[in-house]
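To start, the structure itself, in structure tokens.
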Amino acid sequence: MLFLARMDVTFPESMTEETKADFQVKEKEYSGNLQREGRMRDIWRVVGEYANYSVYDVADNDELHAILSGFPMYPYMDIKVTPLAKHPNSIK
Ligand SMILES: O=C(O)C[C@H]1C=CC(=O)O1
């Protein structure tokens, strides 16, 4: 099953730059593993925002929830998920 997720990240004002950088390192490792496993197909930055669109190829809703809630930055994310179906006009 394919899902599109939009993630908006908002860190608290009080969070230090060092803590933010630490989250970014952990997030990169987690995200990289998902991409190597093929469970995250794509990730794109939203221009001008601390947000991304990413596409997941997973067995079911439970697997997607486990992935999303496992992101180190999860407590600071607002996530909107859209299930995707094949478009009849797609040539892929
Ligand atoms: O930088 C971001 O968009 C936040 C974060 C969410 C997934 C990921 O790889 O990084």
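So the values come out like this:
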quantity: Among Val47, Asn89, Tyr74 the positive-end extreme of the charge dipole of the chain (Cβ point charges); calculated: Asn89
quantity: Portion, in percent, of the accessible area of the chain that falls on carbon or sulfur, probe 1.4 Å; calculated: 55 percent
quantity: Residues of type lysines that Lys92 reaches as a straight line, Cα spacing below 28 Å, ignoring anything fewer than 8 places off in the same chain; calculated: Lys80
quantity: Cα-based equivalent ellipsoid, the chain: semi-axes from gyration tensor eigenvalues, Å; calculated: 26, 14, 12
quantity: GNM top mover of Ser54, Ser14, Ser69 - the chain, alpha-carbon springs below 10 Å; calculated: Ser14
quantity: Per residue, in Å², the accessible surface of region 5-53 once ligands and nucleic acids are set aside, probe 1.4 Å; calculated: 73 Å²
quantity: At most 14 other Cβ within 10 Å, DSSP loop - GluC sites (Glu not before Pro), region 10-92; calculated: Glu13, Glu49
quantity: Cα convex hull volume per residue for region 1-44 (Å³); calculated: 79 Å³
quantity: Qualifying lysines (Cα of each under 20 Å from Cα of Lys20; at least 8 residues distant if same chain); calculated: Lys28
quantity: Percentage relative contact order, the chain, counting C-alpha pairs under 8 Å, at least six apart; calculated: 49 percent
quantity: About the Cα centre, charge dipole magnitude for the chain (Lys/Arg +1, Asp/Glu -1 at Cβ), debye; calculated: 480 debye
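The values are calculated or read from the model by the stated rules, or taken from the named source; none is laboratory data. This structure is a prediction, so every number in the text was calculated from the model and none was measured. A quick note on method: Cβ atoms are made from the backbone with ideal geometry, for glycine too, and the neighbour counts reach across all protein chains shown. To get the accessible areas, we keep the full protein, side chains included, count just its heavy atoms, and leave off ligands, DNA and RNA. Shrake-Rupley method; radii C 1.70, N 1.55, O 1.52, S 1.80 Å.
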